[in-house]
Amino acid sequence: MAEASLKDLAEDFPRVMSIAARLDAPIEKIVPLADKLALAGIWSPLTVDTDTLRSPTAAGVFARGTRGVCLTRTGAIENAAADITDALRSPLLLPDSQARDFLRFQQAFANIEGSLYSVAAAEFDAIAAEGGLCAGQARYWRAHIAATSESRFQNALNASEDIGNNAFLDVRKHILCGDIYRFSARFADAETEYVQARDLAQQAKADGLEGRAIMHLAETVAWTRPEEGRRFALDAIEKAQKQNNKVNEFRAWLALAVAGTGSQSKETVREHIGKASELLWIIGRQIGQVRIGTVEAFQAAVTGNTDALQQAQQMVTSATSVLGTDEFQNDVLGVWSGASSVEQSRRARETQWLDGPDEAMRRWREVVTARQGAA
């Protein structure tokens with residue numbers, strides 16, 4: 001999509017919604033516009049003026065739903081889910097309409113952000129099978145759950161080939177493949193995927209997706225090339241703040257903490273983690289505790305603080321147990337702490353580590369030892 005058309009869409013969407021509300025006009029032709037903005041990672045235009053939000057029309061109902069879609073990246077996930085659910089309950093949205101299809105998909109996405117992985121997975125499977133407006137996106141996020149929550153890395157990698165083609169989905173597919181490689185500590189392969197995602201996003205003039213790709217680059221490069229990782233993280237933070245994407249900003253602050261571990265003072269690293277914690281309180285994603293605990297464990301492992309490492313490990317184990325997610329970090333932290341070997345870890349044997357558990361855990365262990373040597 002040309003820069004002007006995507007930029008114009010972002011500027012025009014609130015006005016189009018306002019007109020539809022005032023005229024009580026049909027909204028079906030507006031739905032693909034909202035979908036395109038969300039897929040491109042452009043969230044802010046999805047929240048419109050107060051009069052439109054209060055309108056007792058189909059456009060008003062849809063506007064309240066798109067406000068929830070915006071909140072999935074910019075605010076509290078419980079508020080996002082409430083907005084979308086309330087819109088779906090309205091009889092003003094016709095059965096089997098694209099408006100319902102769009103909001104139903106976004107509700108499933110909100111369930112991921114709320115750590116309701118099995119609920120989201122079942123809904124994505126159903127949406128993909130129906131082949132509607134959001135079928136390709138549903139296949140993407142189902143593969144995302146397989147990788148991030150179920151640790152079925154190879155299955156997710158295979159599923160990425162069947163997601164479908166779309167300028168914005170292509171960006172996301174590279175991000176997904178990068179995630180899968182990063183989870184198995186194949187950092188160079190992950191970086192290649194994220195760079196391709198960033199370049200494609202730039203070509204599509206999709207600033208939101210570009211910021212997302214840079215955030216993932218920061219999360220990856222920070223482990224092995226901390227100075228470069230720091231630059232990526234600062235760039236990601238700046239872009240996330242400009243786009244009011246608090247989820248990306250939260251993760252970018254943690255990437256900055258990883259990059260600073262071993263080279264910057266413990267106080268500075270703690271400040272970065274503190275910034276992330278403040279954002280987590282705002283957005284309310286419980287899985288964020290796992291990310292914070294992993295970074296705290298890394299700092300403790302590099303600095304040799306056994307007590308802090310054990311405390312962080314317990315927090316991550318408890319959080320993943322409560323959320324019912326098979327997060328791979330439990331195995332990584334177990335190896336960092338020396339509490340378990342790959343052979344002793346049931347989860348490590350069940351996880352679809354690329355190249356197998358021995359190689360994956362060796363690479364994750366080397367991340368700590370290399371940073372200790374450089375500290």
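Values quoted throughout were computed directly from the atomic coordinates according to the rules given, and no laboratory measurement underlies them. The structure displayed is predicted, hence computed values, not measured ones. Cβ placement follows ideal geometry from the backbone for every residue including glycine, while neighbour counts extend to all protein chains displayed.
So what is the calculated 222 nm ellipticity per residue for the chain, using -39500 (n - 2.57) for each DSSP H run with n of 4 or more, over all residues, to the nearest 500 deg cm²/dmol?
Calculated at 222 nm, the ellipticity per residue is -24500 deg cm²/dmol.
Under 8 Å for C-alpha pairs, at least 6 residues apart: give me the relative contact order for segment 1-114, rounded to a whole percent.
So the answer I get is 23 percent.
Give me I292, I84 ranked fewest to most by other Cβ atoms within 10 Å of their Cβ, as a rough exposure proxy.
I292, I84
Roughly how far apart, in whole Å, are the Cα centres of segment 1-68 and segment 201-278?
Here the two parts' Cα centres lie 30 Å apart.
Over segment 54-172, what is the relative contact order in whole percent, taking alpha-carbon pairs under 8 Å and six or more residues apart?
Relative contact order, segment 54-172: 16 percent.
Going through the cross-link list K29/K173; K29/K246; K7/K246, which pairs have a Cα-Cα distance over 25 Å in this structure?
Going by Cα-Cα distance, K29/K173; K29/K246 fall outside the 25 Å limit.
Which option, (i) 37, 30, 22; (ii) 37, 21, 19; (iii) 37, 25, 19, is the value of semi-axes √(5λ) of the Cα gyration tensor in Å that was calculated from these coordinates?
Computed from these coordinates, semi-axes √(5λ) of the Cα gyration tensor in Å corresponds to label (ii).
Among K36, K266, K242, K173, which comes first, second and so on when ranked by fewest other beta-carbon atoms within 10 Å?
So the residues, fewest neighbours to most, are K242, K266, K36, K173.
Say R0 is 22 Å: what FRET efficiency, to the nearest 0.05, do R225 and E271 get from their beta-carbon distance?
Efficiency computed from Cβ-Cβ geometry: 0.50.
Counting Lys and Arg as +1 and Asp and Glu as -1, each charge on the Cβ, what is the dipole of the chain about the Cα centre in debye, to the nearest 20?
420 debye
Could you give each residue of segment 93-108 its phi-based ³J(HN,Hα) in whole Hz, using Karplus coefficients 6.51, -1.76, 1.60 with θ = phi - 60°, and x for Gly or Pro?
Listing the rounded values in order: 8, 5, x, 6, 8, 5, 4, 5, 4, 4, 5, 5, 4, 5, 5, 5 Hz.
Once you keep just the Cα pairs under 8 angstrom separated by 6 or more residues, what percentage relative contact order results for segment 213-338?
18 percent
Which order do I175, I282 fall in if you start with the one that has the fewest other Cβ atoms within 10 Å?
I282, I175
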